[in-house]
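The values are calculated or read from the model by the stated rules, or taken from the named source; none is laboratory data. Given the structure is predicted, the values throughout are model-derived calculations rather than measurements. Cβ placement follows ideal geometry from the backbone for every residue including glycine, while neighbour counts extend to all protein chains displayed. These area figures cover heavy atoms from the full protein model, side chains too; ligands, DNA and RNA do not enter into them. Shrake-Rupley method; radii C 1.70, N 1.55, O 1.52, S 1.80 Å.
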Amino acid sequence: MSTSLAYPNILLWIKDFKELTKFRLAVSVVFSSIAGYLLGADEFSFWNLILLAIGGYAMVGASNAFNQIIEKDLDAKMKRTKNRPIPSGTMSVNTAFAIATILTIIGLLLLFVINPITAMFGAISIFLYVSIYTPLKTMTPLSVFAGAFPGAIPFMLGWVAATGSFGIEAGTLFMIQFFWQFPHFWSLGWWLYDDYKEGGFFMLPTGKRDKGTAMQIILYTVWTLLVSVVPVLGVTGDLKLSVVSAVLIFALGLVMLFYAIKLFKNREIKQARQLMLASVSYITLIQIIYVLDKYIRLWL
């Protein structure tokens, strides 16, 4: 009987933990880090890959947990967040803080075992996300710009974990994910505009669903596309890209641009949602293409 009583509690705790750490987002970040690691590694270390995956999840989970502690009252006002563990009352602030603190320590230690510079960037990511991005969300649309810095670290972090250094290669991976975040988060902000408004968040650059915002989405989509294919020119050190892969990535970018232009023309929620989904597909697929391109070139 004690087992039957405890089992649902364990399931509830796991559910709350996944919500607190934003499981799907954290996994996508870990995916980016692993892609960056595979791109930078000359010799594959399964041990370091495990450390990066667990440490990366811990760092992202900690950032999200601290964020939800800070925004608990605002989360309670929005439909999409009111059922999160803290505003719904299934988890106390103290418990969430303890989890966030433990995850921070675990994450930093595991990343430090890989190399100190990886741990440093992990720490910078948490600081920027929690101390800069989170409070700015209720103050200014520039919060998206501030949040783009910690958000762009994962792809680059994998390269740093593999090489122990930050150079033009890691910088290029950083810039790809940096520019990508603007059309991604602005399309999300457009789609969920009313809900964000209830929470007092300023996500769109003009503050409105207007042509000004849509035009900026197009511009940053173009920048994302261009930066993503720069390695084909042979100017990014050891980070290289074949012509075939560059064409594939360019084509994926055109799909994303197509939806951005549709949003500019129609300015409807449907187009914003399509663009957001296209942006998620884009960043995932180009990371896969980058990795496959490297190893196919090595095998050939």
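The table for this structure:
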{"quantity": "Residues that are among the hydrophobic types (A, V, I, L, M, F, W, C) and either closer than 15 Å to GLY151 by Cα or in contact with a Phe, Trp or Tyr (Cβ under 8 Å, 6 or more places away or on another chain) (or both), drawn from region 167-187", "calculated": "ALA170, LEU173, PHE174, MET175, ILE176, PHE178, PHE179, TRP180, PHE182, PHE185, TRP186"}
{"quantity": "Residues that are in a helix (DSSP H, G or I) and without any contact (Cβ under 8 Å) to a residue 40 or more places away in the chain, drawn from region 61-85", "calculated": "ILE69, LYS72, ASP73"}
{"quantity": "Where a residue in region 260-276 is under 16 Å from ASP194 (Cα atoms) and open to solvent by 50 Å² or more (accessible area, probe 1.4 Å) and its partner, wherever it lies, is part of a helix (DSSP H, G or I) and β-branched (Val, Ile, Thr), with Cβ under 9 Å and at least six apart", "calculated": "ARG267/THR213"}
{"quantity": "Residues (open to solvent by less than 50 Å² (accessible area, probe 1.4 Å) and either in contact (Cβ under 8 Å) with a residue 24 or more places away in the chain or β-branched (Val, Ile, Thr) (or both)) located in region 124-134", "calculated": "SER125, ILE126, TYR129, VAL130, THR134"}
{"quantity": "Positions within region 194-223 being free of Cβ contacts under 8 Å to residues at least 60 places away in the same chain, open to solvent by 10 Å² or more (accessible area, probe 1.4 Å) and either in a helix (DSSP H, G or I) or hydroxyl-bearing (Ser, Thr, Tyr) (or both), in sequence order", "calculated": "ASP194, LYS197, LYS211, GLY212, MET215, GLN216, ILE218, LEU219, TYR220, VAL222, TRP223"}
{"quantity": "Unmet criterion (only one of (1) closer than 22 Å to VAL227 by Cα; (2) in contact with a Ser or Thr (Cβ under 6 Å, 6 or more places away or on another chain); (3) of a type in the set (Val, Ile, Thr)) for ILE126", "calculated": "(1)"}
